[in-house]
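Right, one structure below, let's go through it.
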Amino acid sequence: SQFSLRNYMTPALGAMLLAACGTTGYTVFDGMLIPRLLDHAAGAKLAVTGTFIAMLELGITTGLSIYVLSKKEERAEFKKLAGRSWMPHFCGIGSSSAYILVVLAMPLVTNLSYVQAFRQMSLPLGVAAGIFLLKEKCPPVRLAGVAAVAAGLVIMALK
């Protein structure tokens, strides 16, 4: 009922667009790198992929640690939240494990956009899980967004 384009033209939208471009960028980069790495892996594809993901996670952790250590308010927030719950750790492990599957799928397709499209299948599935399992409300804007994603997936499949 409060839909207005002005409500969506915020820094958050810019951050979302930046994240989408970043995801596409690293998918393309990984799509070029992974086949080269796996060509040299012989029978150790899972080990090479796991090592690749571990190195990515180490880089991310190092970068975020430097950021948190350099900002007083971030250090305070970290101290407040650290050890409160193990759930973020499990989510991180699940996310990294899922990306191992994505990386292993990359050399198996002729068009990298198929892998990217299947990764985005998690969006409609997540919305459906939220609605049916968690009984979340689903306003028309959310339905329109998930419908656009689903339509894009269908177009990818038919193309």
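The values are calculated or read from the model by the stated rules, or taken from the named source; none is laboratory data. No experiment lies behind these values; they were computed from the predicted model shown. Glycine also receives a Cβ, built like all others from the backbone with ideal geometry; neighbour counts cover every protein chain displayed. Remember, those area values only see protein heavy atoms, side chains included, never the ligands or the DNA or RNA. Shrake-Rupley method; radii C 1.70, N 1.55, O 1.52, S 1.80 Å.
In the full protein context, the stretch 63-159 carries 76 Å² of accessible surface per residue, based on a 1.4 Å probe and ignoring ligands, DNA and RNA.
Taken over the C-alpha atoms, the stretch 93-143 has Rg and Dmax values of 14.1, 39 angstrom.
Projected label points at LEU143 and SER96, each 7 Å from Cα along the beta carbon direction, are separated by 4.0 nanometres.
Among the protein heavy atoms, those of MET87 account for about 110 Å² of accessible surface (1.4 Å probe, every chain in place).
Can you name the helices of the chain, as whole DSSP H runs, whose Cα span along the helix axis is 30 Å or more and whose Kyte-Doolittle mean is not below 0.5? The partial results should precede the final answer.
Details: long enough: 11-39 (42 Å, 0.97); 45-70 (38 Å, 1.34).
Helices meeting the span and hydropathy rule in the chain are 11-39, 45-70.
Cα gyration tensor of the stretch 51-104, axes a ≥ b ≥ c as square roots of the eigenvalues: rounded (a/c below 1.5), prolate (a/b > b/c) or oblate?
On the way: a/c = 4.19, a/b = 1.67, b/c = 2.50.
Oblate, because a/c is 1.5 or more while a/b does not exceed b/c.
Only sites in a loop by DSSP and with at most 10 other Cβ atoms within 10 Å count here; which chymotrypsin sites (Phe, Trp or Tyr not before Pro) in the stretch 11-114 make the cut? In loop regions of the stretch 11-114 (DSSP not H, G, I, E or B), the sparsely surrounded chymotrypsin sites (Phe, Trp or Tyr not before Pro) are TRP86. Semi-axis lengths, largest first, of the ellipsoid equivalent to the stretch 11-137 are 28, 22, 16 Å, with √(5λ) applied to each eigenvalue of the Cα gyration tensor.
Please go through the stretch 67-99 and write out the trypsin sites (Lys or Arg not before Pro) that DSSP classes as loop and that have at most 15 other C-beta atoms within 10 Å. Mind showing how you got there, number by number?
Working: sites: LYS71, LYS72, ARG75, LYS79, LYS80, ARG84; in loops: LYS71, ARG84.
Those that pass, being in a loop and sparsely packed, are LYS71, ARG84.
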